[in-house]
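Reading through the structure tokens given below for one structure.
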Amino acid sequence: MGATHTSEIPFIFGTVDQAQACVGSPDEKDAIPLTKIMMSTWGAFARSGNPNTDYVPAWREFKRSDPATMGLNVESRSLADPRSGGCAALAHLPYFGYNHGLKDLVHG
């Protein structure tokens with residue numbers, strides 16, 4: 001199934017055993033280590049604003065000029081702008097957010 005929206009939640013809260021239909025069996029070799037990684041990095045970020053822990057390589061701050069991202073997995077790694085192609089394809093679209101109505105999207 002891959003990494004779908006909210007698929008990280010059981011790993012963050014340590015509930016992979018209750019979410020087996022979505023994430024697989026907690027007895028699988030990767031479920032428990034990934035749970036430790038996710039719980040520690042999200043916990044560190046919640047406590048201090050810094051997600052770095054002993055479980056991941058150095059996690060650089062995200063900057064537009066250096067859009068590094070951490071690929072969290074049993075063997076996590078820093079990724080240099082992994083979605084640049086997809087983001088570039090959307091760059092020409094007007095910004096839409098909660099404070100902007102649909103009328104703001106209409107050009108001209």
Karplus-derived 3J(HN,Hα) from phi for segment 37-49 (6.51 cos²θ - 1.76 cosθ + 1.60, θ = phi - 60°), whole Hz, x at Gly and Pro, runs 5, 5, 5, 6, 6, 5, x, 4, 5, 5, 6, 10, x
Could you calculate the FRET efficiency of residue 84 with residue 50 from 1/(1 + (r/R0)^6), where r is the beta carbon distance between them and R0 is 22 Å, rounded to 0.05?
-> 0.35
Take the Cα of residue 91, step 7 Å along the line toward its Cβ, and report every residue of segment 51-71 whose backbone nitrogen sits under 19 Å from that point.
-> 62-69
Chain lengthening between residue 7 and residue 19 when straightened (0.36 nm per residue, less Cα-Cα) | 3.4 nm
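Quick note: the coordinates plus some simple rules give every number you see, no bench work behind them. Being a predicted model, the structure only gives us computed values, none of them experimental. Ideal geometry is used to build each Cβ from the backbone, glycine not excepted, and the neighbour counts take in all protein chains shown.
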